[in-house]
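The structure under discussion appears below in the form of structure tokens.
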Amino acid sequence: MPDRDCIELEGAILALSMVGDLSMGQPFDQSRRTARLARLLAQSCDGAGDHLEVARQVALLRWSGCTANAEGFTRLLGDDVGGRNAMLSQTLNAAGQQAMRKTTPLAQIHCEVSGDIARTLGLNAAAEHGLRHVFEQFDGEGRPFGLRHPEVPEVVYQVLLAGDLEIMSRVHGLEAALEWITTQADRRYPASLAAEISRHAEDWLQQLRTPQASASGSTGSGATVSLTLVSDVIDLKLSWLAGYSRRASELVREAGRLSGLTESSVDQLGKAALIHGIGRAAVPNRIWNTPGALLEGDLEQVRLVPYWTLRASTQVPELVAPGQLAAHAYERLDGSGYFRSLNGDALQTEHCLLAAALAWQALIADRPWRPALSAQQAEQLLLDEAAQGRFDARACQAVMAAARGESSVAPGKASGGPLSERETEILRRISMGGSNKEVARQLGISPSTVRTHVESVFRKLQCTTRAAATLKALTLGLI
């Protein structure tokens, strides 16, 4: 794997934990809190040893497979994020509880993906084994294999119990949480383990109020992994997104090089494209699959995607810089973007390149509500957006040149404006007195094409005569 995409193993684990938390409708530190509780429980029961790190890793990665079955939970509960949040907090209604009886195939998907993630990360066999059985229970009523004690790995009980305490105490209060845990003794986990956590619950939850120092390097291995694993897990949430972030990363890297950015800036851009979708995990698939305009409430959830990406990336030192870039992925030059609604004055070249690359990659791919656009159609649409002042024209040209495999960017205007480059050139020539036929001959196009462009110029500049269009273009600095 290219070194440019590598981050420390611990950083990748933390990033995946936050993708999982957001996918499950949880605070983005839920898995980290559970990991601290699981480690305390493992230490209290079995003392020091390698099993403490296993418990921590399994707790951090137990939701890592949940993007893979998001579509299944959407069909089952109507809302993959809210439904799973209700599942974890024991607040599902009767219909939801009935639907949960059909989750064995979804649990199988989740456990297989989580186990494969552990293997890709190079974790030890005990951590991988725990993740492949993370939904099994003491009484054999777990999923996907229905294992009974003592076939269930001990780390599964520790993580399940730690998670129950963290979520239930936060949602219902400590007393109610302990009462519920008691009812699950020798059902979800051994009674002896439930009693152990009940004895220490108040003290351990109090310890969680003290922020933990950065966990970077906790694995102690010095290993690195490719950030593409994180992007691939993110994109699993929607079947039509598979590989999207990888492709966008390669595209924006090349566009950055064509734009003359330093190699360091190019690398940060590539990483930004890989992680830009972290916050997407917090938005239900129902919204992503909706064709046409979104309801205001749904749109507000979408607008928070770059916010959650930023919040998560700041928790991993190696992702702070690319996370700052990724948080600008949906800003637009005219201030119509999100989440900050910044305008052109606040946006840098890197921000504009990332926005254009992500848009291009989306346009040329199939979506549930439309087929993929051809390269020519995508180019025209992107240039139209630039002409309307939303995208930077030079950034769009760089992205399109990169997509075509070209070694340079055609000269053009330095920044976006209401007119396309062709319209600007035609307006410049007719402003100097050229007729449609003369301009057509000079540019090697037909007079009717010139006339179409002139009409477009008039419409965009809100003019009806050549003289008025010339004056307005000069005033705006377009020619």
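How big is the gap, in Å, between the Cα center of the range 296-366 and the Cα center of the range 228-267? The range 296-366 and the range 228-267 have Cα centres separated by 13 Å. Magnitude of the charge dipole for the chain, about its Cα centre and with charges confined to Cβ atoms of Lys, Arg (+1) and Asp, Glu (-1), is about 1840 debye.
Mind sorting 424, 449 by how few other Cβ atoms lie within 10 Å of their own Cβ, fewest first?
Numbers: 424 21, 449 15.
Going from sparsest to densest Cβ surroundings: 449, 424.
Rounded to the nearest 20, the Cβ-based charge dipole of the range 3-207 about its Cα centre (Lys and Arg +1, Asp and Glu -1) stands at 440 debye. By the Cα gyration tensor, the range 254-355 has an equivalent ellipsoid whose semi-axes, rounded to whole angstrom, run 24, 16, 12 from largest to smallest.
Compared with the dominant principal axis of the Cα atoms in the chain, helix 447-461 is inclined by about 60°. Give me the angle, in degrees from 0 to 90, between the Cα long axis of helix 349-363 and the longest principal axis of the Cα atoms of the chain, rounded to the nearest 10. Tilt relative to the chain: about 80 degrees. Using the Cβ-Cβ distance between residue 336 and residue 364 with R0 set to 22 Å, the FRET efficiency works out to roughly 0.45.
Each principal axis of the Cα atoms in the range 341-479 has its own extent, and those three values, largest first, are 45, 33, 33 angstrom.
The residue list 180, 277, 452 was ranked by how far each Cα lies along the charge dipole of the chain toward its positive end, using unit charges on Cβ atoms, and 452 comes out on top. Tell me which of 317, 348, 362 sits at the most positive position along the dipole axis of the range 222-376, charges placed on C-beta atoms (Lys, Arg +1; Asp, Glu -1). Positive-most Cα among the choices belongs to 362. The helix-based estimate of mean residue ellipticity at 222 nm for the chain, built from -39,500 (n - 2.57) per DSSP H run of four or more residues and divided by its residue count, is -18500 deg cm²/dmol to the nearest 500. When +1 charges are put on Lys and Arg Cβ atoms and -1 charges on Asp and Glu Cβ atoms, the dipole computed for the range 227-404 relative to its Cα centre reaches about 280 debye.
Averaging Cα coordinates gives a centre for the range 11-64 and one for the range 75-112; these two points are 21 Å apart. Would you please classify the overall shape of the range 3-207 from the alpha carbon gyration tensor, given that a ≥ b ≥ c denote the square roots of the eigenvalues, rounded means a/c under 1.5, and beyond that prolate means a/b larger than b/c while oblate covers the rest? Rounded, because the longest to shortest axis ratio a/c is under 1.5. For the charge dipole of the chain, defined by +1 on Lys and Arg C-beta atoms and -1 on Asp and Glu C-beta atoms about the Cα centroid, which residue among 160, 463, 99 has the Cα displaced farthest towards the positive pole? Toward the positive end, the furthest listed residue is 463. Sorted fewest first by neighbouring Cβ atoms within 10 angstrom, 360, 288 come out as 288, 360. Legend: ranking of residues 200, 276, 453 from fewest to most surrounding C-beta atoms inside 10 Å; resulting order 200, 453, 276. Is the range 227-404 best put as rounded, prolate or oblate by its Cα gyration tensor, with a ≥ b ≥ c the root eigenvalues, rounded for a/c under 1.5, and otherwise prolate when a/b is larger than b/c, oblate when not? Note, shape of the range 227-404 comes out rounded. Under the classification rounded if a/c is under 1.5, otherwise prolate if a/b is larger than b/c and oblate if not, where does the range 206-297 fall, given a ≥ b ≥ c as square roots of the Cα gyration tensor eigenvalues? Judged from the Cα gyration tensor, the range 206-297 comes out oblate (a/c at least 1.5, b/c at or above a/b). The Cβ shell under 12 Å around residue 177 holds other residues with a net charge of -4, Lys and Arg each +1, Asp and Glu each -1.
Bear in mind these aren't lab numbers, they're just calculated from the coordinates by the rules spelled out. Quantities reported herein were computed from a predicted structural model and do not represent experimental measurements. All Cβ positions, even for glycine, are placed from backbone atoms using ideal geometry, and neighbour counts span all protein chains on display.
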